[in-house]
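The values are calculated or read from the model by the stated rules, or taken from the named source; none is laboratory data. As the structure is a prediction and not an experimental result, all values here were calculated from the model. Here the Cβ positions follow ideal geometry from the backbone for every residue, glycine too, while neighbour counts run over all protein chains shown.
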Amino acid sequence: MAGKSRVAGKMSVMDINEIRRKFPILDRKVEGRNLVYLDNTATSQTPHSVVSDISSLYEHTKANVHRGVHTLSQEATDLQERTREHVRRYINASSIEEVVFTRGTTEAINLVASSFGDRLRDGDEIVLTVMEHHANIVPWQLLQRHKDIRLRVVDIDSEGTLDLRQYRSLFNEHTRLVAFCHVSNVLGTVNPVREMTAFAKERGVPVLIDGAQASPHMKIDVRDLDCDFYAFSSHKMYGPTGVGVLYGRRELLESMPPYQGGGEMIKHVSFSGTTFADLPFKFEAGTPDFIDIAAFSKALDFIEETGIDNIAAHEERLLAYATERLERIPGLRIFGKAPHKSAVISFLVGDIHPYDLGMLLDKLGVAVRTGHHCAMPLMERFGIPGTVRASFAVYNTFEEVDAFVAALERVVSMF
Ligand code: PLP
């Protein structure tokens, strides 16, 4: 079933088996069975090209970046900066000054909350949505400990589509920022971020997009989106852990104070005053995760060689196939049925607790995520404690969907 004919994308034909061979972990057994890895929203697996690059860097090029005149340090610096340029190209940012390396999406959003948040005053308002990951809720709440700012929250309909009328109605003279996800990590909803951004920008309100769940699945063009900030994580893009990116519009980043203090982010330090480094280094205090940053470029190579349109087309087919098969299971409810949806399926079956389903599926070799998925307000919105979530990546196959559905049917029959 997973032959070439089943995975013919819009652009070209991909050989999924060839792609799978690039990911050694997919050969693993769990509980004596072939692993079926459907937890890609939490983190995706990493191809050998990235893993071998990391070992090679440790074995041949490890030296701290931006500090030494010696050869190894210069090589390590070049490799890190090569990734910065690669990321710039990948997201179509205007310059490398706009690409700040962080530990992940979470740190990128915290950076904006802390640094951009510095200019907010009592009475200011930030617009969020009810489908945000905690990473795009809690940093703003931390800001509320120091400032009397108000969070305005856009609701969704029963299918998981944002209420755009409400979104527009929440803007007023106090609105200072809007921050929303490009793709929901629970519902899979792909938000109309271009349209939402245009509406905010017409009113002079800066826009932060949490791109953690969009960047692995679709082309990101920050200039086309016209957003002010865009945050994403390498580990969800077939890349190493510990690396994220904050894209920031240059004028805004220039006007923002540093996020953390330390080495690398200064021009001159004395006890009578310190001047800060230019962008992007002003926001990169301390030794960065330079080896993983360097290797992130190989993950981008993988995505580019495979073709993001091919990846999206394959995942779309998997989503349609899995949805259709799951909907045949009596009592199964899917949360998130927006017309424009990414390859994530959150569901419950009858009143079976999601943890029970997840644990029993694991015994059959199927890795899914269970719980609130760091989106408690969304769970509250649906009046549920959590869901089971199956999410797909380019290396998943139709046979794996079959194995997952068969395992789920078996588990459900035990209750
Ligand atoms: N935002 C969304 C939509 C996410 O799905 C996640 C992680 O699942 C994050 C933010 C946080 O990403 P990280 O843990 O890589 O910082």
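Quick one: Ala390 ticks every box in (1) surrounded by 20 or more Cβ atoms within 10 Å (Cβ to Cβ); (2) closer than 21 Å to Ser413 by Cα; (3) more than 19 Å from the chain's Cα centre (by Cα) except a single one, so which number is it?
(3)
Need the failing condition index for Glu173 against (1) without any contact (Cβ under 8 Å) to a residue 12 or more places away in the chain; (2) closer than 15 Å to Ile109 by Cβ, just the number.
(2)
For segment 343-356, indicate whether the set of residues that are out of contact with any Pro (no Cβ under 6 Å at 6 or more places or on another chain), polar (S, T, N, Q) and either surrounded by fewer than 20 Cβ atoms within 10 Å (Cβ to Cβ) or farther than 20 Å from Glu409 by Cβ (or both) is non-empty.
no
Given the criteria in contact with a Phe, Trp or Tyr (Cβ under 9 Å, 6 or more places away or on another chain), assigned by TED's automatic domain parsing to the domain that holds Gly242, of a type outside the set (Lys, Arg) and surrounded by fewer than 19 Cβ atoms within 10 Å (Cβ to Cβ), does Thr83 qualify?
no
Which one of Val127, Val99, Val178, Val153 is surrounded by fewer than 21 Cβ atoms within 10 Å (Cβ to Cβ), in contact with a helix residue (DSSP H, G or I) (Cβ under 9 Å, 6 or more places away or on another chain) and among the β-branched types (Val, Ile, Thr)?
After ruling out the rest, the residue left standing is Val153.
Of all residues in segment 352-381, how many are within 16 Å of the ligand (Cβ to nearest atom) and among the aliphatic types (A, V, I, L, M)?
Residues flagged as within 16 Å of the ligand (Cβ to nearest atom) and among the aliphatic types (A, V, I, L, M) within segment 352-381 amount to 6.
For a quick check of your reading of the model, give me the residue pairs whose first member lies in segment 48-75 and is surrounded by 13 or more Cβ atoms within 10 Å (Cβ to Cβ), whose second is among the aromatic types (Phe, Trp, Tyr), with beta-carbon atoms closer than 6 Å and at least 6 apart or on different chains.
Val65/Phe290
Restricting to strands (runs of 3 or more DSSP E) lying wholly in segment 187-297: which have 1 or more residues that are surrounded by fewer than 24 Cβ atoms within 10 Å (Cβ to Cβ) and in the same structural domain as Asp78 (by TED's automatic domain parsing)?
Where strands (runs of 3 or more DSSP E) fall fully within segment 187-297 and carry at least 1 residues being surrounded by fewer than 24 Cβ atoms within 10 Å (Cβ to Cβ) and in the same structural domain as Asp78 (by TED's automatic domain parsing), they are 207-210, 266-270, 273-276.
Filter segment 330-358 down to residues that are in contact with a helix residue (DSSP H, G or I) (Cβ under 9 Å, 6 or more places away or on another chain) and over 26 Å from Ala214 (Cα atoms), then give me how many there are.
8
The conditions are (1) away from the ligand (no atom under 16 Å from the Cβ); (2) closer than 23 Å to Asn136 by Cα; (3) of a type outside the set (Lys, Arg); (4) in contact (Cβ under 8 Å) with a residue 40 or more places away in the chain, and Gly244 fails exactly one of them. Which is it?
Gly244 satisfies all of (1) away from the ligand (no atom under 16 Å from the Cβ); (2) closer than 23 Å to Asn136 by Cα; (3) of a type outside the set (Lys, Arg); (4) in contact (Cβ under 8 Å) with a residue 40 or more places away in the chain except (1).
Residues in segment 126-176 that are part of a loop (DSSP other than H, G, I, E, B) and within 16 Å of the ligand (Cβ to nearest atom): how many?
Total meeting the criteria: 6.
Just checking, does segment 318-330 include any residue being touching a residue at least 40 places away in the same chain (Cβ under 8 Å) and over 22 Å from Leu35 (Cα atoms)?
yes
Suppose we keep only residues that are in contact (Cβ under 8 Å) with a residue 40 or more places away in the chain and more than 16 Å from the ligand (Cβ to nearest atom) within segment 108-118. Which one would you say is surrounded by the most Cβ atoms within 10 Å (Cβ to Cβ)?
Applying the filter and picking the extreme gives Phe116.
Within segment 261-315, which residues are among the polar types (S, T, N, Q) and modelled with pLDDT of 95 or more?
Within segment 261-315, Thr287, Ser297, Thr306, Asn310 meet the criteria.
Restrict the check to segment 95-107 and report whether at least one residue is within 16 Å of the ligand (Cβ to nearest atom), closer than 19 Å to Leu253 by Cβ, part of a helix (DSSP H, G or I) and among the β-branched types (Val, Ile, Thr).
Yes: one or more hits.
Given the residues Val349, Val405, which is the only one that is farther than 15 Å from Leu38 by Cα and away from the ligand (no atom under 15 Å from the Cβ)?
Result: Val349 is the single residue among Val349, Val405 that is farther than 15 Å from Leu38 by Cα and away from the ligand (no atom under 15 Å from the Cβ).
Starting from segment 25-42, keep only residues that are of a type in the set (S, T, N, Q), then list their pairs with residues that are away from the ligand (no atom under 15 Å from the Cβ) whose Cβ atoms are within a distance under 7 Å, requiring at least 6 positions of separation or different chains.
The qualifying pairs are Asn34/Gly365.
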